[in-house]
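Single-structure report; data block below.
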Amino acid sequence: MTHGIAKRRVAVVGASGFTGKEALRLLAQHPHVEVTGVYSARSGEASAAETYAGALREPVSASLDLDALGTNDAVLLCAPHEASATLVPQLLESVPLVLDLSAAYRLRDAAMYPRFYGFEHPAPDLLEERVYGLTEFAREELRNTRLVACPGCYVTSVLLPLLALRDAGLLTDDDVIADCKSGVSGAGKAATGVTHFASVHEDFRAYGVGTHRHEPEIREQFASDRVYFTPHLLPIFRGILSTLHLRADGDANSVREALRTRFEGEPFVSVLDKGLPAVSEAQTSNRCVLGVASHGDRIVVVSCIDNLVKGASGQAIQNLNVALDLPETAGLEPVHAAIPGWR
Ligand SMILES: NC(=O)c1ccc[n+]([C@@H]2O[C@H](COP(=O)([O-])OP(=O)(O)OC[C@H]3O[C@@H](n4cnc5c(N)ncnc54)[C@H](OP(=O)(O)O)[C@@H]3O)[C@@H](O)[C@H]2O)c1
């Protein structure tokens with residue numbers, strides 16, 4: 001019991017991966033959560049050694065025991081998409097709240113899964129039921145759900161400003177260019193020919209134009225097929241910088257003011273008074289930092305997040321807090337709040 005709040009029991013599945021470790025790092029400082037178990041795909045000591053030891057409170061469990069997981073208040077599922085697609089319905093038989101970090105339940109349209117993810121969706125009914133957990137736009141729904149599909153990392157950086165401007169009625173056009181760059185941790189821990197150090201170091205490339213899985217997710221949420229998304233691989237470990245080129249009814253000042261009005265009081269979204277943010281302003285925090293500039297007849301919005309925090313485990317914990325009626329910033333305290341003049 002901390003400050004009169006009983007500790008909630010939370011297990012992490014996929015704890016030896018990048019997002020799972022990040023979840024453990026954050027949950028280790030969460031005053032109202034007890035990590036009851038950590039699980040990965042493989043068994044034995046290899047997983048234990050790889051799991052972020054500083055955050056562990058309990059021994060590593062070798063294999064998933066679905067019945068034992070039922071004693072938890074929630075499970076954070078940090079597994080690959082296809083594994084999550086199968087695990088979610090099994091977990092829901094005993095666990096009251098599942099927060100899935102994969103894309104397995106993000107898209108409403110089951111027909112998109114064979115096309116973009118290479119598998120038939122095993123539980124299309126749950127695509128109707130799940131809550132899409134972009135926290136700032138989903139608080140009411142989050143309080144009444146058992147399944148949260150946490151948004152993609154690039155998608156979070158794009159949707160936060162885009163949905164705010166759409167809701168403010170400021171966009172004159174749904175044609176948006178989203179030019180996005182991510183650190184290599186966005187691809188998970190398994191190195192590929194493109195993501196290993198020798199390929200990434202001192203290099204920079206675009207990839208997945210017209211085929212990246214985050215494009216249908218952005219388009220579905222923004223309800224427009226005219227968002228053109230180009231991801232790039234940055235030679236850094238963590239962080240996303242997304243540059244949005246859009247058309248708005250007003251200049252940079254009015255767009256900035258609209259964003260500021262929408263996110264006033266939000267603990268994790270900051271709008272800069274002037275200038276554009278750098279990735280370092282968001283790295284390791286749950287912040288999304290926004291900056292606005294004019295460019296001819298377009299507005300440029302730059303949005304920075306940490307892909308492993310606001311783009312994954314941080315947002316999942318923010319959703320967990322809302323869903324379990326805990327203080328929303330618990331375990332995610334915004335460090336910048338203490339810095340004068342940094343909003
Ligand atoms: N990386 C990011 O920035 C990011 C952002 C948002 C969302 N996501 C999504 O979050 C999920 C995890 O991403 P990640 O980057 O952390 O991946 P990762 O580094 O590749 O880790 C994957 C984790 O899942 C475990 N796993 C694999 N197959 C499993 C199975 N069948 N059952 C249970 N656990 C299994 C792995 O265990 P072993 O170690 O034993 O193999 C490992 O712990 C993915 O769906 C990814 O798309 C990632």
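Structure above, values below:
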| read-out | value |
| --- | --- |
| Antiparallel DSSP beta bridges within segment 153-305, percent to nearest 5 | 70 percent |
| Sites R139 and A191, calculated FRET efficiency, Cβ-Cβ separation with R0 30 Å, nearest 0.05 | 0.20 |
| In order through segment 288-302: 3J(HN,Hα) via Karplus (6.51 cos²θ - 1.76 cosθ + 1.60), integer Hz, x for Gly, Pro | 10, 10, 10, x, 10, 9, 8, 8, x, 8, 10, 10, 10, 10, 9 |
| Rounded tilt (10° steps) of 314-323 against the dominant C-alpha axis of the chain | 70 degrees |
| Extreme residue, positive dipole direction of segment 153-305, given options S182, V158, T192 (C-beta unit charges) | T192 |
| Contact order relative to length of the chain, as percent, for alpha carbon pairs under 8 angstrom and 6 or more apart | 16 percent |
| Gain upon complete extension [A6, D109; 0.36 nm per residue less C-alpha separation] | 33.3 nm |
| Whole-number percent relative contact order across segment 153-305, with pairs defined as alpha carbons under 8 Å at least 6 apart | 29 percent |
| Cut-off 10 Å between beta-carbons: net charge of the residues surrounding A168, Lys and Arg +1, Asp and Glu -1 | -1 |
| Other-chain or far-sequence residues with amide H under 5 Å of C288's (modelled H) | V269, S270 |
| Residue exposure sequence - H81, H201 - by fewest surrounding Cβ within 10 Å | H201, H81 |
| Point-charge dipole on Cβ atoms (K/R +1, D/E -1) for the chain, about Cα centre, debye to 20 | 620 debye |
| Helix-derived mean residue ellipticity, 222 nm - over the chain, DSSP H n ≥ 4, -39500 (n - 2.57), to 500 | -7500 deg cm²/dmol |
| Proxy reagent accessibility, fewest Cβ within 10 Å first, across S157, S224, S185 | S224, S185, S157 |
| Bridge type composition, the chain - antiparallel percent by DSSP, nearest 5 | 45 percent |
| Segment 153-305, dipole about Cα centre (Lys/Arg Cβ +1, Asp/Glu Cβ -1), debye to the nearest 20 | 440 debye |
| Local electrostatic count at G186 - Lys and Arg +1, Asp and Glu -1, tallied over other residues with Cβ under 13 Å | +3 |
| Anchor K274: aspartates and glutamates whose Cα lies under 12 Å away (excluding residues fewer than 8 positions away in-chain) | E257 |
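Just so you know, all these numbers are worked out from the coordinates, no wet-lab data involved. Bear in mind that the values here come from a model prediction, so they are computed numbers and not experimental data. Glycine gets a Cβ as well: all are built from the backbone with ideal geometry, and neighbour counts include every protein chain shown.
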